[in-house]
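Q: Below is one structure. I have some questions about it.
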Amino acid sequence: MLNYTIRRLILAVPTMLFISFVIFAIIKLSPSDPTAGLPLTIPPEVREKIREALGFNEPFIVQFFLWLKQLVVTEPLYWMNQKFGTEFEIGQRMISYQTRSPVLDLIVQRIPQTLWVVGTSYIVGIIIAVPLGIISAYKQYSVFDQIGTFISMIGFSVPTFFTGVLLILIFSVNLGWFPSIYDTTHVVDSWGSFWYQIKQMIMPVMVLGLFNAAQISRYMRASMLDNLTQDYVRTARAKGVKEQTVVLVHVLRNSMIPVVTVIALNLPSVFGGALITEQVFQVNGLGQLLILAIQGGDVPMVQTVTVIFAVLIVLFNLIADVLYGMLDPRIRYD
Amino acid sequence: MSGGVLRNSTEEVPVVQKGDSVLSVQDLRTVFHTQDGLVHAVNGISFTLAPGELLGVVGESGSGKSVSMMSLLKLLPMPPAEIVEGSVHFGGRDLLQLSDAELRQLRGGDIGFIFQDPMTSLNPVFNIGFQIMEPLRIHMGMNKKQAADRAVELLELVGIPSARQRLRDFPHQFSGGMRQRVMIAIALACDPKVLIADEPTTALDVTVQAQIIELVKGLRQKLGMAIVWITHDLGVVAGIADKVAVMYGGQIVEYSDVASIYSDPRHPYTQALLRTLPTQEGGRTGRLVSIPGQAPNLNAPPAACSFAPRCEHVGPKCWAANPPLFDIHGQHSSACWLESEGGTA
Ligand SMILES: Nc1ncnc2c1ncn2[C@@H]1O[C@H](COP(=O)(O)OP(=O)(O)OP(=O)(O)O)[C@@H](O)[C@H]1O
Ligand SMILES: [Mg+2]
């Protein structure tokens, strides 16, 4: 398993290179000027200087490797210098066109907000979905199953920007229960502020969480139904195993195999959903950073955030495969 | 759901003494509720099983062999299945009246089951040690260590070499025949009084089939449990059974000791079944014989003899009423009007 994981990680390197190259090419194909956002009073010669300093006039391929070098050499070295007081020679750090501050610093600032909202909502989604799927399948066509199916169809088909705004309208505007804007500067240092943190997280987490739960519970239900009719279930019953154990041990363990894969593979797409949810609730996370960067033509920022998403996708693909192998003894990766 | 529609010719079911039997089934009826209406899968079967006896149950596909045996311990999915009538006496109790918890104590404890397809009957994600130890821990209250020791014993008993190492192996690491041995070990784990084997060799190739039959023969001598052996192969039954029940259309149409079935088959269906057995004299030129006609329609309870449309001796009585089992001599009975007093159908 360890060998397999390492091999997969090494194989991921060319994949990542290719993905980042394609992203880079696509972004470069759209016309953008790093100085476009600057005040008009700046004379053209100065603008030219700025472009040159940012390496904007270099050939396409040189620019790509410059960016790559900044990401995989300069930034780690800078980080080591900061962390361990080493004194590596480092070049120019990657600079955001818009803000003129290092791209990675901005990203590192934003990641916690996104992780909090996305992570919590995903966990909430799984906690809702797994029992829902199990009960729906075990009591197929019961009232519970019908209602569950109805709700997940809604969760499935109604986009998060709609549910988000709807929740704001009901719970913030009309009822005034929860704040409509997520305050990222809020510091948790007491029970009161903790409570406030919960209140401001509830709506974004629920919007994303329900969306995730809708998907995962459908997979869970289908997978349980598939397994409940298998011969080994009859064998378990014929051994005198309690119904609860039959379902929650024998059937569940088998049903989790495809679902765990779906859960792991879906996580990156949740970041996509978070992008919209962050916009609706004004969470200043990665999603918002990306959207503003796109609007401002901030190539290095867009490039880097997108590649981070790509890394996550590749990483969770790997996690899915490893989990798959751990759950299913028939899969061996050697 | 009370008698009425479903009842027919039950008055003449021979009364069986419960005294010397481990298992006694009376007038068992099971239906399936489907979208196209009721399927009458089991239509009033009765039989008894003496301690240590091996009853072979034969009949073509769809004759209700599996459904009737699974009804005994309510192992069918309910719904769609419903046991509408009957009693199953075991250890002084009627199993059909027991609570779920009481039934569970018998399943895998006093009554063991082996199923047809060893490839799918074991749980693929648990090692076989876990799967053998499960009934031991449930019924015998053993701890992990005791159960593991007993599991090793059982695997050795069913002829799996280096048993202790293999406890950690998963089903996919065993061949079909080996998996069926594991299934047998599970069924025998708690020293059952009755073992129900539902076509345990059908999914296996011929040599493995012979090995499994030999294994069960030997185990039976060693352990002395009663066995119900379901098969559609009369040839297999000849070698191992004491008694034979021939099933057709959800009914037992002939019941006999094993010798008389071959020497003196009475029911036309049994006779036809025997003709389908390839004979040695037939050699290479002998053609496989089949019984002409189709399996009976199970949409209604039998009002006439269900074999009548395919029977060469069919007469007016056969269309008028469903024949009860007529005693021929001793343990031999046949559900055919030819055995009635006039001797005509
Ligand atoms: N779940 C079900 N729903 C509806 N009908 C069923 C169901 N299970 C079995 N039956 C019907 O019950 C009848 C008896 O089936 P059963 O499985 O007992 O046959 P069998 O004698 O064991 O045949 P085989 O040799 O193929 O195993 C068949 O006609 C079948 O169509
Ligand atoms: Mg069957």
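The values are calculated or read from the model by the stated rules, or taken from the named source; none is laboratory data. Keep in mind the model is a prediction, meaning the values are calculated, not measured. Methodologically, a virtual Cβ is constructed for each residue, glycine included, from the backbone with ideal geometry; neighbour enumeration extends over all protein chains shown.
Q: Only one of A:E58, A:E75, A:E48 is surrounded by 12 or more Cβ atoms within 10 Å (Cβ to Cβ), under 26 Å from the mean Cα position of the chain (by Cα) and not small (G, A, S); which?
A: Among A:E58, A:E75, A:E48, only A:E75 is surrounded by 12 or more Cβ atoms within 10 Å (Cβ to Cβ), under 26 Å from the mean Cα position of the chain (by Cα) and not small (G, A, S).
Q: May I pose another question? Name the residue, out of B:L136, B:L157, that is at the interface with another protein chain (Cβ under 10 Å from one of its Cβ atoms) and either buried (at least 17 other Cβ atoms within 10 Å of the Cβ) or more than 24 Å from the chain's Cα centre (by Cα) (or both).
A: Every option except B:L136 fails the conditions.
Q: Say we look at the range B:35-47 and pick out the residues that are near ligand 1 (Cβ under 10 Å from one of its atoms) and hydrophobic (A, V, I, L, M, F, W, C); which of these is farthest from the other protein chains (Cβ to nearest Cβ)?
A: Among them, the one singled out is B:L38.
Q: For B:G177, are the conditions met, namely being within 24 Å of B:M225 (Cα to Cα), within 13 Å of another protein chain (Cβ to nearest Cβ), touching a Leu at 6+ places or on another chain (Cβ under 8 Å) and not aliphatic (A, V, I, L, M)?
A: When the stated conditions are applied, B:G177 does not pass them.
Q: Further question on the same structure: Does A:R100 meet the test of being surrounded by 13 or more Cβ atoms within 10 Å (Cβ to Cβ), charged (D, E, K, R) and outside the structural domain of A:M201 (by TED's automatic domain parsing)?
A: No, not satisfied.
Q: Could you grab me the full set of residues in the range B:48-62 that are over 11 Å from the mean Cα position of the chain (by Cα) and either more than 8 Å from ligand 1 (Cβ to nearest atom) or surrounded by 22 or more Cβ atoms within 10 Å (Cβ to Cβ) (or both)?
A: Matches in the range B:48-62: B:T48, B:L49, B:A50, B:P51, B:G52, B:E53.
Q: Now for a separate question. Of the residues that make up the range B:268-275, is at least one part of a loop (DSSP other than H, G, I, E, B) and at pLDDT 85 or above?
A: No, because not a single residue in the range B:268-275 is part of a loop (DSSP other than H, G, I, E, B) and at pLDDT 85 or above.
Q: Only one residue in A:M224, A:M301 is closer than 29 Å to A:T114 by Cβ and more than 11 Å from chain B (Cβ to nearest Cβ), so which one is that?
A: A:M301
Q: Also, I was wondering about something else. Does B:I212 fit the bill of being touching a Lys or Arg at 6+ places or on another chain (Cβ under 8 Å) and part of a helix (DSSP H, G or I)?
A: yes
Q: A further question follows. Between a residue in the range B:252-278 that is of a type in the set (K, R) and any residue that is part of a strand (DSSP E or B) and surrounded by 15 or more Cβ atoms within 10 Å (Cβ to Cβ), which pairs come within a Cβ distance under 9 Å, given they are 6 or more apart or on different chains?
A: Pairs that qualify, where the first residue is of a type in the set (K, R) and the partner is part of a strand (DSSP E or B) and surrounded by 15 or more Cβ atoms within 10 Å (Cβ to Cβ), are B:R266/B:E254; B:R266/B:S256; B:R266/B:F326; B:R266/B:I328; B:R266/B:H332; B:R266/B:S333; B:R266/B:S334.
Q: Would you call A:W79 in a helix (DSSP H, G or I), hydrophobic (A, V, I, L, M, F, W, C) and touching a Pro at 6+ places or on another chain (Cβ under 7 Å)?
A: no
Q: Would you mention how many residues in the range A:243-275 are polar (S, T, N, Q) and away from every other protein chain (no Cβ under 14 Å)?
A: 3
Q: Just to check your reading of the model, which residue among B:D110, B:D117, B:D94 is more than 8 Å from chain A (Cβ to nearest Cβ) and either over 30 Å from B:V39 (Cβ atoms) or in contact (Cβ under 8 Å) with a residue 40 or more places away in the chain (or both)?
A: Among B:D110, B:D117, B:D94, only B:D110 is more than 8 Å from chain A (Cβ to nearest Cβ) and either over 30 Å from B:V39 (Cβ atoms) or in contact (Cβ under 8 Å) with a residue 40 or more places away in the chain (or both).
Q: Name the residues in the range B:55-71 that are part of a helix (DSSP H, G or I), near ligand 2 (Cβ under 8 Å from one of its atoms) and not basic (K, R), would you?
A: B:S66, B:V67
Q: Still on this structure, please answer the following. Give the residues of the range A:276-302 that are under 16 Å from the mean Cα position of the chain (by Cα) and under 16 Å from A:P102 (Cα atoms), sorted by residue number.
A: A:L286, A:L289, A:L290, A:V302
Q: Looking only at the range B:287-306, filter to residues that are polar (S, T, N, Q) and either at pLDDT 80 or above or surrounded by 15 or more Cβ atoms within 10 Å (Cβ to Cβ) (or both); which one of those is farthest from ligand 1 (Cβ to nearest atom)?
A: B:S306
Q: Test of understanding: among A:V283, A:V251, A:V311, which residue is assigned to a helix (DSSP H, G or I) and either under 19 Å from A:I27 (Cβ atoms) or in contact (Cβ under 8 Å) with a residue 40 or more places away in the chain (or both)?
A: None of the other options fit; the residue is A:V311.
Q: State all residues of the range B:204-232 that are within 16 Å of ligand 1 (Cβ to nearest atom) and within 16 Å of the chain's Cα centre (by Cα); if no residue qualifies, say none.
A: Answer for the range B:204-232, where residues must be within 16 Å of ligand 1 (Cβ to nearest atom) and within 16 Å of the chain's Cα centre (by Cα): B:V228, B:W229, B:I230, B:T231, B:H232.
Q: Could you tell me how many of the residues in the range B:72-118 are of a type in the set (A, V, I, L, M), part of a strand (DSSP E or B) and within 15 Å of ligand 1 (Cβ to nearest atom)?
A: So the count comes out to 4.
Q: Taking the range A:195-227 only, how many residues are out of contact with any Ser or Thr (no Cβ under 8 Å at 6 or more places or on another chain) and under 20 Å from B:P118 (Cβ atoms)?
A: Result for the range A:195-227: 0.
Q: If you don't mind, there's one more thing I want to ask. Considering each of B:T202, B:T231 in turn, give the residue that is within 16 Å of ligand 2 (Cβ to nearest atom), surrounded by fewer than 17 Cβ atoms within 10 Å (Cβ to Cβ) and farther than 24 Å from B:P309 by Cβ.
A: B:T202
Q: Please state which one of A:L315, A:L323 is under 23 Å from A:G119 (Cβ atoms), within 14 Å of another protein chain (Cβ to nearest Cβ) and surrounded by fewer than 18 Cβ atoms within 10 Å (Cβ to Cβ).
A: A:L323
Q: Given the criteria within 16 Å of ligand 1 (Cβ to nearest atom), among the aromatic types (F, W, Y) and over 16 Å from the mean Cα position of the chain (by Cα), does B:Y269 qualify?
A: yes
Q: Quick check on B:I186: is it within 16 Å of ligand 2 (Cβ to nearest atom), within 14 Å of chain A (Cβ to nearest Cβ) and of a type in the set (V, I, T)?
A: When the stated conditions are applied, B:I186 does not pass them.
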